[in-house]
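A.B. asks: Shown below is the structure under consideration.
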Amino acid sequence: MTTYLLAGGGTAGHVNPLLAVADALTAREPDATVLVLGTREGLEARLVPLRGHELLFVDKVPFPRRPDAAAVRFPGRFARAVRQVRTHIRERGVDVVVGFGGYASAPAYVAAGRARVPVVVHEANAKPGLANVLGARRAAASGVAFEGTPLKGAEVVGMPLRPEIVHLDRAALRSEAAEAFGLDAARPVLLVFGGSLGAVRLNRAFADSWQDVVAAGWQILHAVGERNDVADPDDPSYRVVPYIDRMDLAFALADAIVSRSGAATVSEISALGIPAVYVPYAVGNGEQALNAASAVQGGAAVLIPDGELTGDRVRSTVVPLLTDAAALDRMRAAAENVGTRSGSANVLGLIDRALAR
């Protein structure tokens, strides 16, 4: 019986692919032991137990960004975290460590190397994090979600996706989805969203232009975020909601999407073959623009820089796209070569190869 230790967490971008692989391992090998390594502060502390997986803890030790007191304390704190993981590996008889980035992954990679346990790395973003850059140097196998991700020895395996996305039958759910959101299943729907907190740029642009989208024959389902200043015009063709709990239903109803371009968002939209207009979040290291690049280059999506998204840009770019049926068909076809629903199975293949070495 194999014991797997999956390391990662902190944010949904690390936790969700980890959980998808954990679920896939459990489904394939019900007798296997699937353990998750995370921190007490990360999102994994809540989500992992909810999915029924055992969570082991390691101290959260951020890499120092400047020469200050935290940098002085870092070597000792990191060494302690590595010892914690080595204890888990030894006591639980871990056969392989699979890392997804985040605070838990770096000490896990070092501990696995010292314990002579094979390591597999998965990087969800087009711009890899520091932990995975270091882990991939000596990993038995590495996989990335996006073509062109600069990670040593990595192959493109796609994003491990939630089962409800992998098995989503959009056509079969369309009527149910339309009823759930109060829209007409017979008319096309544009889905607009920017994450759980919404996106001010998207909200303002569509507050100014939604009537033009509706005039073009489309309905809009717009998740504006739980804290927002968007006024609901109470129009049956423009549904404004604070948050969407059932993204599977929203995706089933969407004929096109305007959204941010987080790694999971791009991967899910591409896997489902939905034409998209991405508006990358401008804060950070530019990873959202990089995440969207392969879909844009492959013809499955259009990119509008955050600073350029206005009501006028919706009218000049989005509305003409929505009224061009041939262009939307080409984008759907292109998504077949960009996205994949087999990310979890592909990562399991990397793990099997690492164990067989």
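A.B. asks: Please report, in debye to the nearest 20, how large the charge dipole of the range 191-310 is about its Cα centre when each Lys and Arg carries +1 at its beta carbon and each Asp and Glu carries -1 there.
C.D. replies: Details: 6 positive and 14 negative charges, 42 e Å.
My answer is approximately 200 debye.
A.B. asks: Let me see the P(r) profile for the range 272-336: every Cα-Cα distance counted, bins of 5 Å, each bin given as a percent of all pairs.
C.D. replies: Each 5 Å bin holds this share of Cα pairs: 4, 19, 25, 23, 19, 9, 2, 0.
A.B. asks: What's log10 of I(q)/I(0) for the range 123-272 at q = 0.12, 0.13, 0.20 Å⁻¹, Debye sum over Cα points only, no solvent?
C.D. replies: Summing over Cα pairs of the range 123-272 leads to -0.59, -0.66, -1.16.
A.B. asks: Using +1 at the Cβ of each Lys and Arg and -1 at the Cβ of each Asp and Glu in the range 35-92, identify which of Val36, Phe63, Gly76 lies farthest towards the dipole's positive end.
C.D. replies: Farthest along the dipole direction, towards plus: Gly76.
A.B. asks: Ok, one more. Can you give the Rg/Rh ratio of the chain, where Rg is from the C-alpha atoms and Rh is the Kirkwood radius?
C.D. replies: Working: Rg = 21.4 Å, Rh = 21.3 Å.
With Rg and the Kirkwood Rh in hand, the quotient comes to 1.01.
A.B. asks: Positive end of the dipole of the range 276-351, charges at C-beta (+1 Lys, Arg; -1 Asp, Glu), about the Cα centre: which of Gly339, Leu322, Tyr278 has its Cα farthest in that direction?
C.D. replies: The residue sitting farthest along the positive end of the dipole is Gly339.
A.B. asks: Okay, next question. Find out how many positive minus negative residues lie around Phe63, taking Lys and Arg as positive, Asp and Glu as negative, among other residues whose Cβ is under 13 Å from that of Phe63. If you can, show how the numbers build up before the last one.
C.D. replies: On the way: positive: Lys60, Arg65, Arg66, Arg73, Arg77; negative: Asp68.
Summing Lys and Arg as +1 and Asp and Glu as -1 gives +4.
A.B. asks: Separate question: With N set to the number of residues, divide the alpha-carbon radius of gyration of the range 216-357 by 2.2 N^0.38 Å and report two decimals.
C.D. replies: Scaled against compact globular proteins, the figure is 1.17.
A.B. asks: On to the next question. So, with +1 on the Cβ of K and R and -1 on the Cβ of D and E, and no other charges, what is the size of the charge dipole of the range 1-134 about its Cα centre, to the nearest 20 debye?
C.D. replies: Working: 17 positive and 11 negative charges, 124 e Å.
For the range 1-134, the charge dipole is close to 600 debye.
A.B. asks: Tell me the mean residue ellipticity at 222 nm calculated for the chain from its helices only (DSSP H runs of n ≥ 4, each -39500 (n - 2.57), averaged over every residue, nearest 500).
C.D. replies: Numbers: 14 runs with 157 residues, N = 357.
Result for the chain, helices only: -13500 deg cm²/dmol.
A.B. asks: A further question follows. Charges at C-beta only: +1 for Lys and Arg, -1 for Asp and Glu. How large is the resulting dipole of the range 278-352 about its Cα centre, in Debye rounded to 20? Please report the intermediate quantities before stating the final value.
C.D. replies: Working: 5 positive and 8 negative charges, 30 e Å.
Magnitude of the dipole: close to 140 debye.
A.B. asks: Further question: Any idea how far the Cα center of the range 80-115 sits from the one of the range 212-262, in Å?
C.D. replies: 42 Å
A.B. asks: Provide the descending list of Cα extents for the range 1-160 along its principal axes, expressed in whole angstroms.
C.D. replies: Here the Cα extents, ordered largest to smallest, are 47, 38, 30 Å.
A.B. asks: Arrange the peptides 131-144, 32-45, 225-238, 83-96 so that the one whose residues have, on average, the most other Cβ atoms within 10 Å appears first. Can you show the working numbers first?
C.D. replies: Numbers: 131-144: 23.2, 32-45: 20.6, 225-238: 13.5, 83-96: 17.6.
With the highest mean Cβ count within 10 Å placed first, the list reads 131-144, 32-45, 83-96, 225-238.
A.B. asks: Mind listing P(r) for the range 230-292? All alpha-carbon pairs, 5 Å bins, whole percents.
C.D. replies: Answer for the range 230-292: a P(r) of 4, 16, 23, 22, 18, 13, 5, 1 percent.
Every number in this text was worked out from the coordinates using simple rules, so none of it is lab data. The structure displayed is predicted, hence computed values, not measured ones. Neighbour counts run over all protein chains shown; Cβ positions are idealised from the backbone, glycine included.
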